[in-house]
Every structure is written in C-alpha cells, then in structure tokens.
Amino acid sequence: MAAAIFHWDLHPWSVFAVVALALAFSSGNLGLSLTFRSAFYPLLGEAVWGRFGHVVDTLAVVATLFGLATSLGLGAEQTAGGLARLFGVPATSTAKVLLLATFTPMALSSVVLGLDRGIKRLSQANLLLAVVLLGFVLAAGPTRDIVAGVSASLGQYAASVGPLSNWTGREDLGFMHGWTTFYWAWWISWSPFVGMFIARISQGRTVRGLIGCMLIGPTLVSVLWMNAFGGSAVLQYVRDGYPDVVAAVQAQQPEISLFAMLDALPLADVTSCVAIVLVVIFFVASSDSGSLVVDTITAGGKLDAPVIQRVFWCTFEGIVAIALLLGGGLVALQAPTLVTGFPFSLVLVAMCLSTWKGLRASTA
C-alpha cells in the first residue's frame, strides 16, 4: 500500500501542480496566451516567442499525445480483460483495437460538443459512477479494515517514502524499473494535459488555494480508493484464502485483477459491468480533455480553435494508441512514455525556476 501511494498520490499531483501553477500565473496574472512557452516568460522574456518556445510547445504536445495514447491502450487492455472474464469474449488484439475504435468516436463527440456540454458532463458521469462503485465496495467489503487501513497505510507511506525514493539503495530493481520509473515518466507526460486543464478552470484562485486543492484532496481520495479496492484484495487473499487476484497478478494479467476482486463480493456481475463502464468513461474523458489541451497548444493558446482541428488530434491519439498496442502490448505502450518523460522533466525543472522568479517579481 505504501508503494501504491508512492506511485499514485502526492507525487504525481505535485508534478501536475507545477504545470498548473506556472500556466495559471502566466495566463491569468501576466495576460499571456495559454501555452507552455508563456510559463517561461518571467525567466526568458521575449525569447519565448522564438525557437525555444517552439521546442517547448512541441515537447508538450508530444508528451501529451504519448501519455494519452498509453492510457487509451491500458484502458483497452483492462476493458478487454473485463469483457473476457465477464462474458467470455476473447481478449485478442483485434478486440482491443475494436475497443479503441469505439473509444475514439465517443471522445470525438464529447470534444465537438465542447467543454461545458461534452467534457463536463462526461466527467460528471465518471465521478458519479466512481462514487457509486466506491460506496458499494466500502459497504460490501471489509468496511472496518478499509477505514483503519487509510491511516495505517499513510503511516507506512511516511515511513517508506525515503527507502522507496532511494534509487541507489533499492534492491527490487525489476519492480523499480518496471513500475516506479514508468509511473514517474507517465505522470510527467500527463502533466501538460492535467496542468493546462486545471489552469484553464482555475481562474480567480489563490496560489495557496490551487496548490492545496491539488495536493490534499486528490491524495486523500486516492488513498481511500486504494485501501477500498487494493486493501480488500489483499485481505481476500491473506485472511480468506481467495486466490483469484493473486493468480491474475502472477499470470501477468493485472488488467483483470479488479474484476477478480469484485467476484468475491455480492452482485459481482452487476458491479463488474459498472466497473467496465467506468473504465471506458474514464479513458474517453481523458482522451477528450487531452485533445482539447493539445488543440489549445497547437492553436497558440486560442480557446476557440476550429472544430476540425479538435477532431484531428482526437483521431490521431486513437491511431497512435492502436499502433502502439499492435506493436508490442504493454511494453510498447510504456516505451514512448519513458522516452518523452525524461526530456520533459528538464522542462519542468526550468518551469519551477521561472514560476518562482515570476512570483517573486509580482510581490516585490
């Protein structure tokens, strides 16, 4: 649980907050366009409108595209695994491609409708289903153990964050490179998408309010979620002897572990269907939001770019995800994320310096 919190909670949201604050400050306070080059204006001045700015915006687009393509591919794998377990539909490459071909038109329709009529409603449906499924697992699962596990796992995370962060002292090298390194690269590649989206909807917030909302709320909700689902799965095996989740992990089929966990609870068929729908909506909502962000960057910060441009980027994301999935499955999905994550991490370091300089100047 400490490793899960290390990978999914405070640390990725800290990365997103760096981008969100930089873009919100440059667009809201300095009156610049909502593009990545604008975040470097306090550091480089007018030079951001030249070659450096082109490189930064291009890196942001590439990182976002590959980060979202990875997400869509993983979503197709998990959806295919759920359909195979629930309905016996073979989880073949053809099935996964067909799922991606379904995700893309759904995201397209949301993108065409825009932020309020499309993306907002889809995100609200996603949140509602997630709350329903979480509430069910809390009620039907080991409720007392889940609640107790929240504080226990946070304590274990606090004790383990040092060793988990020690790249030269960890002995679980396979796990570290296969998961920790991948997660850091994945979150960095997601940071342009999440950061710009939050900056766009955060007009009028204070710096303290923006950082506090981004770091505290998502972290606590995610810890509760992981204890509800992951904690239940652990207890099913350790206390009840239920082997299906462990068998899925040992067979290198993590995409079916959620459905294996739900099988041990009441109304398994119903909740598994809800989980499949939730996975689909989540990744479709990520695709349409990401397409809107890429569209904004490539349009020079304009919020009302032509609809055909949104359609192009959303379709292109789906094509990239299909190509990666057919090119090697999970390994191929992870590779471009790792490649784009490293150079963009250097951009984030420079962005921190630029934001700090801009805030100092604004309060001088």
Return the aspartates and glutamates within reach of Lys302: Cα separation strictly under 20 angstrom, same-chain partners fewer than 8 residues apart disregarded; answer none if there are no such residues. Glu46, Asp57, Asp116, Asp288
Highest mean first, what order results for 131-143, 35-47 on Cβ atoms within 10 Å? 35-47, 131-143
Find the all-direction average of the projected area of the Cα convex hull for the range 112-219, expressing the result in square nanometres with one decimal place. 10.2 nm²
Reachable lysines, given that their alpha-carbon falls under 27 Å from the alpha-carbon of Lys96 and they are not under 8 places away in the same chain: Lys120
What angle do you read, to the nearest 10 degrees and between 0 and 90, between the alpha-carbon axis of helix 181-200 and the longest principal axis of the chain? 60 degrees
Dipole of the chain (Lys/Arg Cβ +1, Asp/Glu Cβ -1, origin at the Cα centre): which of Val161, Ile211, Phe316 lies farthest to the positive side? Ile211
Residue-normalised accessible area of the chain, expressed per residue, 1.4 Å probe, Å²: 45 Å²
Highest-first arrangement of 252-263, 73-84, where packing means the average Cβ count within 10 Å: 73-84, 252-263
Radius 15 Å from Cβ of Phe344, net charge of other residues (Lys, Arg +1; Asp, Glu -1): 0
May I ask you to derive the relative contact order of the range 216-364, considering only C-alpha pairs under 8 Å and at least 6 residues apart, and to give it as an integer percent? 10 percent
Once you wrap a convex hull around the alpha carbon atoms of the range 168-214, what is its projected area averaged over all directions, in nm²? 4.6 nm²
Using a cut-off of 15 Å between beta-carbons, work out the net charge of the residues near Leu72 (Lys and Arg +1, Asp and Glu -1, Leu72 not included). -3
Summing Lys, Arg as +1 and Asp, Glu as -1, what charge do residues with Cβ under 14 Å from the Cβ of Ala260 carry, Ala260 excluded? -4
Sorted by accessible area (1.4 Å probe), largest first, how do Lys96, Lys357 line up? Lys357, Lys96
Carbon and sulfur atoms: what percent of the 1.4 Å accessible area of the chain do they account for? 69 percent
Range of Cα positions in the range 248-364 per principal axis (Å), largest first: 60, 35, 31
Quick check on the chain: what are the equivalent-ellipsoid semi-axes from the Cα gyration tensor, as sqrt(5λ), descending, whole Å? 34, 24, 19
When you count, for each residue, the other Cβ atoms within 10 Å and take the mean per peptide, how do 185-194, 212-221, 157-166 rank with the highest first? 185-194, 212-221, 157-166
Taking Cα atoms, the helix 143-165 axis meets the longest principal axis of the chain at an angle in degrees (rounded to 10) of 50 degrees
Calculated from DSSP helices alone, with each H run of at least 4 adding -39500 (n - 2.57) and the total divided by the residues of the chain, [θ]222 nm to the nearest 500 comes to -26500 deg cm²/dmol
Label-point gap, in nm, between Ala95 and Ala361 - each point 7 angstrom along Cα→Cβ: 5.6 nm
The helix 51-87 Cα axis meets the longest alpha-carbon principal axis of the chain at an angle in degrees, between 0 and 90 and rounded to 10, of 20 degrees
Over the chain, relative contact order from alpha-carbon pairs under 8 Å, at least 6 apart, %: 40 percent
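The values are calculated or read from the model by the stated rules, or taken from the named source; none is laboratory data. Worth saying up front: this structure is predicted, and the values here are computed from it rather than measured. Backbone-built Cβ (ideal geometry, glycine too); neighbour counts: all protein chains shown. Accessible surface is based on the protein model in full, side chains and every heavy atom, while ligands, DNA and RNA are left aside. Shrake-Rupley method; radii C 1.70, N 1.55, O 1.52, S 1.80 Å.
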